């Protein structure tokens, strides 16, 4: 049971970590790739929920609550992926950071 619970925690934890890592990469293609990995981790987590419920290791009420949350998260991620794919097609994604400031702040006029 310890291994199973550890794997369940790891797959759920992987979802938010992949979203964050993809965003921090700045490239829209990498971001989309990491979002798809996050979706895969979410699917892994949901698959585990079904297995735990079937083996009666997870009460029905808890299963329903977790499954509902996973469904909302999946739909949100799918909408984000769709939105980013549109931005990529339109060339409307800024993948670099340009700092524009005056040297006057540093006393160099």
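Suppose the filter is assigned to a loop (DSSP other than H, G, I, E, B), more than 19 Å from the chain's Cα centre (by Cα) and at pLDDT below 90; does residue 101 pass it? Talk me through it step by step, then tell me what you get.
On the way: assigned to a loop (DSSP other than H, G, I, E, B): yes; more than 19 Å from the chain's Cα centre (by Cα): yes; at pLDDT below 90: yes.
Yes, satisfied.
Among the residues of the range 29-50, is any touching a residue at least 60 places away in the same chain (Cβ under 8 Å), over 13 Å from the mean Cα position of the chain (by Cα) and closer than 25 Å to residue 88 by Cα?
no
Report whether or not residue 88 is more than 27 Å from residue 5 (Cβ to Cβ), more than 14 Å from the chain's Cα centre (by Cα), surrounded by 12 or more Cβ atoms within 10 Å (Cβ to Cβ) and at pLDDT below 90.
Judged against the criteria, residue 88 is not a match.
Filter the range 41-72 down to the residues that are exposed (fewer than 12 other Cβ atoms within 10 Å of the Cβ) and outside any helix (DSSP H, G or I) and list them by number.
Once the filter is applied, which keeps residues that are exposed (fewer than 12 other Cβ atoms within 10 Å of the Cβ) and outside any helix (DSSP H, G or I), the range 41-72 yields 55, 56, 59.
The values are calculated or read from the model by the stated rules, or taken from the named source; none is laboratory data. Everything numeric in this text was worked out from a predicted model, so none of it was measured. Counting neighbours? That spans all protein chains shown, and the Cβs are built from the backbone with ideal geometry, glycine included.
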